[in-house]
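The values are calculated or read from the model by the stated rules, or taken from the named source; none is laboratory data. Small disclaimer: the values here were computed from a predicted structure and weren't measured. Ideal geometry is used to build each Cβ from the backbone, glycine not excepted, and the neighbour counts take in all protein chains shown.
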Amino acid sequence: MTADKTDSIERYRANLQGEVDGAALYKTLAQTEQDPHLAEVYRRLAAVEEAHAEFWRKQFFHQLRLSMRHNRSSIVRYIEFYNSRRPHRAHKGRTPDAAYFGNQDIKAGA
């Protein structure tokens, strides 16, 4: 995973946590506030923070899924390269696919 993707995921996680913390703070303030008008203001602020948290939650998990998909495809590509295109000394310069499956078509470097 690239540093940019890691930074994006961390930024989304931090934004999500900030919104969740803000919502919890405003809820607590609303519960402890004696003035009903001010308590209502805190409840509304908590609702706004919760909506923001939902936005960042979606962004965070979307980036996480993209990252996982990229990592998975990178691993699959490397395994394919390792087994079918990279010659191995243990197989006398043949690929594992050629050694185990009798495929003489060596694709080294392709």
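Taking the conditions exactly as written (part of a helix (DSSP H, G or I), modelled with pLDDT under 95, in contact with a Ser or Thr (Cβ under 6 Å, 6 or more places away or on another chain) and not aromatic (Phe, Trp, Tyr)), does Lys5 satisfy them or not? It would help to see each step written out before you state the result.
On the way: part of a helix (DSSP H, G or I): yes; modelled with pLDDT under 95: yes; in contact with a Ser or Thr (Cβ under 6 Å, 6 or more places away or on another chain): yes; not aromatic (Phe, Trp, Tyr): yes.
So Lys5 fits the description; yes.
So Arg65 clears everything in (1) basic (Lys, Arg); (2) modelled with pLDDT of 85 or more; (3) more than 17 Å from Tyr12 (Cβ to Cβ) except one condition, right? Which one?
The single condition Arg65 does not satisfy is (3).
Every residue in the stretch 21-49 that is surrounded by 17 or more Cβ atoms within 10 Å (Cβ to Cβ) and out of contact with any Asp or Glu (no Cβ under 7 Å at 6 or more places or on another chain), please.
Answer for the stretch 21-49, where residues must be surrounded by 17 or more Cβ atoms within 10 Å (Cβ to Cβ) and out of contact with any Asp or Glu (no Cβ under 7 Å at 6 or more places or on another chain): Lys27, Ala30, Leu45, Ala46.
Write out, first by first residue and then by second, each pair whose Cβ atoms fall under 7 Å of each other, whose residues are 6+ apart or on separate chains, and whose first residue, in the stretch 72-97, is touching a residue at least 24 places away in the same chain (Cβ under 8 Å) while the second is among the β-branched types (Val, Ile, Thr).
Arg85/Thr95
Between a residue in the stretch 18-30 that is farther than 9 Å from Arg43 by Cα and touching a residue at least 12 places away in the same chain (Cβ under 8 Å) and any residue that is buried (at least 17 other Cβ atoms within 10 Å of the Cβ) and of a type in the set (Phe, Trp, Tyr), which pairs come within a Cβ distance under 6 Å, given they are 6 or more apart or on different chains?
The qualifying pairs are Glu19/Trp56.
Which of the following residues is farther than 30 Å from Ser8 by Cβ and part of a helix (DSSP H, G or I): Ala47, Ala51, Ala98? Write out each step before concluding.
Values: Ala47 fails: farther than 30 Å from Ser8 by Cβ; Ala51 fails: farther than 30 Å from Ser8 by Cβ.
Being farther than 30 Å from Ser8 by Cβ and part of a helix (DSSP H, G or I) holds for just one of Ala47, Ala51, Ala98, which is Ala98.
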